[in-house]
Each structure stands twice: as structure tokens, then as C-alpha cells.
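To start, the structure under review is shown below, and the notes come after it.
The values are calculated or read from the model by the stated rules, or taken from the named source; none is laboratory data. In this text, all values refer to a predicted model and were calculated from it rather than measured experimentally. Glycine also receives a Cβ, built like all others from the backbone with ideal geometry; neighbour counts cover every protein chain displayed.
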Amino acid sequence: MPLRSILAGIGAYLPERILSNDELAARLDTSDAWIRERTGIRQRHIASPRESCAFMATEAARAALTSAGAVPADVDAILLATATPDQAFPATALRVQAALGVPGGFGFDLSAACAGFVYGLSVADAMIRAGQVRGVLVIGSEVYSRIMDWNDRGSCVLFGDGAGAVFLRAGEGSGSIDRGILSTHLHAQGSLGDILYVDGAVGLRDKPGTLVMNGREVFRHAVVRLSEAVDEALAANGLSRRDVDWLVPHQANLRIIEAMGKRLGLPSERVVVTVDRHANTSAASVPLALAEAVADGRIRGGDLVLMEALGGGLTWGSALVRM
């Protein structure tokens, strides 16, 4: 039988510090009501100096391994999606490998902004199906608080820090009723790169980088592109919107999330929302939302889960998983 990627375990980490809308309003020309009405966000977690991208990723990965009943020796590869690595190199994935005590295998970072976790799932799934690896940690970890312009009320209110991880294990399957990743679908349009980007890079000493965003254009493209990716995933598996049990979307904006839920015909209680408490944690947002819904018992074994995300690049994609 062909190999399939089973989502065996999941973990999450959120920084201890919580920054409320009211705290932001005390130093910016904004208000809790203004932020909530436009985004659905009421608070976000902000990393302390000790809570680096690697630290948070390690904590989330360790929780995912525990959830899967796995040990570091079971890990053949670590794929870490981030736009905010601690260093240009070595890859943050390798810092995680060392911190966990993984004895071998390999690891690397993926840069696809907010779509990074979906990209990571796709790459890991392909490696497992090819028989190259049998156990893979896929992690999204972000410290966007360190690339924000905290004087720009249009962007700094939108983002937060955190990490989420899954452990994928090779299993056998032949049909859509089997557990595991059914399919992933990735896209990018580089000509739209200037509507959401970081003006600088880790390697530039005098310009470490701040996030720049044309929110109106991002919103316009997000609804269209994500809808296409969702339909593509369902069509590829001969499924309809009625077959989807849960939508776990990228947590960028409540309006976008609600629009996607309506498009699928899903009631609001079947759409996982964490943006109100986490804000946009970029590549970490999908695994953080998934981890919460699994931990509280909403998502259970056998459920069909549709994940989707769009980020700077533009990059976007979807993944369909049977839990």
C-alpha cells in the first residue's frame, strides 16, 4: 500500500506576556473598539527576550512528540516555517534539533510567510510518500513583535508571537477514508510581493527590517485566492463542502475567516477561531488553532479538516487532512 502522512501529534507554545488592545490604545491613536471592529482581535502574545523563535519552536515540538508518544530518535527531519528566524544561519530547525536531542536526520527552514506551515506540510508529506523519511516535525514559529513598526497602528495591532508544531508519521493507506494528509495545494504570485513584505533582512546590519502592508489589497486577494485553494483541495479528492467537518484557517482577520466559513457553508461553530486571542501569528497560526481545537476535544479522530493560509509573496495554499 502507498505511504501516507499521519498527523500523530500536535503541540503549541504561546509567550507568557499578553498585550491587550487597551494597552496599545494608551500609546497609539486607536481603541479597543476600532481594532475589534476591523479585525476581531482583542489581544496578542508578545515574546520576551528569552522566548526566541527557536525556544518557542522547541517547546511546541516537544509537546507534539509527547502527544504522539514519540521520542527524539523517531524524528528523521525537522521543517520549520518562519519569517522571523533568530539567525540567518544556522537554520532555526537545527537549533531545535539540538535542543530536543534529535540524534540524526536533517532539518531546514521554510520561508513562505503566513502560508509557511501549509508549505511545510506539503514538503513533509511528499518526503514521507517518497519513502525518504518516516517521522517529521513540521513547525511554525514566529516573533513578529521584533519586526513591527510599533508606531503604525494599521499593522502593529494585527500581529502576535507563538509557535505550533505537528509530528507526522508514515502510515499506509489507499483511499480517502484513511487517516492522514489527503492532499496539499500550493501557489504563489511574486508580482504581488510589494503588497506585504519586510523592508529589510536579518543579514542587513543597519536595516533589520520592519513589516510593510497594504491591508486593503491583501484582504482583496485573500478571499479570492483562499476560496480557489479550498475548492481545489475538495475537487482533488472528489469531496464536496458538505464533507468538511472543520475549517482551520490562517488567523489573519475575522472578516476573512467568516467569509471562508460562509463559502463552505459551515456554521460558525465548525470554524476554528483564535485570532481574537492570538492575533496573526503568521506561520504559527494554523498549527496553534489546530492544537487548541484538538486539545479541547472539538476536533476528533476521523474528522475531515481543511486548512488554508495566505501570506506575503504572495503565497497561499490548502491542505486536507483526515484526523
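Some observations on this one:
- Cross-chain or 6+ apart pairs with Cβ under 6 Å, region 114-128 first and more than 16 Å from residue 170 (Cβ to Cβ), then among the aromatic types (Phe, Trp, Tyr): 115/316
- Scan of region 124-151 for residues that are outside any helix (DSSP H, G or I) and of a type in the set (Lys, Arg), ordered by number: 134
- Of the listed requirements (1) more than 15 Å from residue 165 (Cα to Cα); (2) surrounded by fewer than 24 Cβ atoms within 10 Å (Cβ to Cβ), residue 128 misses just one: (2).
Rundown of residues vs (1) assigned by TED's automatic domain parsing to the domain that holds residue 147; (2) small (Gly, Ala, Ser); (3) closer than 19 Å to residue 123 by Cβ, yes/no style:
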site	(1), (2), (3)
20	yes, yes, no
26	yes, yes, no
50	yes, no, no
54	yes, yes, no
62	yes, no, no
75	yes, no, yes
85	yes, no, yes
98	yes, yes, no
108	yes, no, yes
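- Scanning region 105-123 for residues that are assigned to a strand (DSSP E or B) and in contact with a Pro (Cβ under 8 Å, 6 or more places away or on another chain) yields a single hit, 109.
- Checking each residue in region 238-247 for being exposed (fewer than 15 other Cβ atoms within 10 Å of the Cβ) and either out of contact with any Gly (no Cβ under 9 Å at 6 or more places or on another chain) or more than 9 Å from residue 266 (Cβ to Cβ) (or both) picks out 238, 240, 242, 243.
- Count of residues meeting criterion [assigned to a helix (DSSP H, G or I) and without any contact (Cβ under 8 Å) to a residue 12 or more places away in the chain] in region 262-294: 3
- Across region 266-323, the number of residues qualifying as surrounded by fewer than 24 Cβ atoms within 10 Å (Cβ to Cβ), of a type in the set (Asp, Glu) and modelled with pLDDT of 95 or more comes to 4.
- Verdict on residue 307 being touching a helix residue (DSSP H, G or I) at 6+ places or on another chain (Cβ under 9 Å), more than 25 Å from residue 56 (Cβ to Cβ) and either not assigned by TED's automatic domain parsing to the domain that holds residue 120 or not in a helix (DSSP H, G or I) (or both): no
- Within the option set 239, 234, 247, being in a strand (DSSP E or B) and at pLDDT 90 or above holds for one residue only, 247.
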